[in-house]
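*Asks:* Below: one structure in structure tokens.
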Amino acid sequence: MRIISCKILREFCQKHADSCDALYNWYRIASKADWRNLNDAQKTYKTAEAVGNFTVFNIKGNRYRLIVDIVYNYQRIYIKYILTHADYDKRTWKNAPYF
């Protein structure tokens, strides 16, 4: 999978240093993955789930939520948001349009 944009990951790590290792591990695994659908992603990340228009990954034991748009046909992951659990619960992101 090709991941777009890593800038969001770097900026989040600067604000939440404790998330860096977990985000790096997610990036390393996801960038080598060959996911064709949500079930494939769930084989790697059991807690991955479809929410609204996006796929949500729990990061660092559910402390953070990584919200992405996965275009399986093109093997691309567009990072939309990384949120703390509290910000995620506000759900303002849920119905944002696709990229």
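*Asks:* Would you kindly state how much longer the chain becomes between residue 73 and residue 34 on full extension, computed as 0.36 nm times their sequence separation minus their alpha carbon distance, in nm to one decimal?
*Replies:* 13.0 nm is the gain from fully extending residue 73 to residue 34.
*Asks:* Can you give me the relative contact order of the range 9-92 as a percent, contacts being Cα pairs under 8 Å and 6 or more apart?
*Replies:* 20
*Asks:* Follow-up. Which whole-Hz ³J(HN,Hα) couplings does the range 12-20 yield from phi under the Karplus relation 6.51 cos²θ - 1.76 cosθ + 1.60, θ = phi - 60°, glycine and proline marked x?
*Replies:* Once rounded to whole Hz, the list reads 5, 4, 5, 8, 10, 4, 5, 8, 4.
*Asks:* In whole percent, how big is the carbon plus sulfur part of the accessible area of the chain, probe 1.4 Å, protein atoms only?
*Replies:* Carbon-and-sulfur percentage of accessible area, whole number: 48.
*Asks:* A further question follows. What residues qualify as long-range amide H neighbours of residue 3, i.e. H under 5 Å apart, gap of 5 or more or another chain, H built at 1.01 Å from N?
*Replies:* Placed amide hydrogens put 77 under 5 Å from residue 3.
*Asks:* Measure up 43/80; 15/80; 32/90; 43/90 against 25 Å on the Cα-Cα distance and list the ones that go over.
*Replies:* Listed pairs above 25 Å: 32/90; 43/90.
*Asks:* Taking the Cα centre of the chain as origin and charging only Cβ (+1 Lys, Arg; -1 Asp, Glu), how large is the dipole, in debye to the nearest 20?
*Replies:* Charge dipole of the chain: 80 debye, to the nearest 20.
The values are calculated or read from the model by the stated rules, or taken from the named source; none is laboratory data. This one's a predicted model, so the numbers in the text were calculated from it and none came from an experiment. So basically every Cβ, Gly included, is an ideal-geometry build from the backbone, and we count neighbours across all protein chains shown. Areas reflect the complete protein model, heavy atoms only, side chains present, ligands, DNA and RNA absent. Shrake-Rupley method; radii C 1.70, N 1.55, O 1.52, S 1.80 Å.
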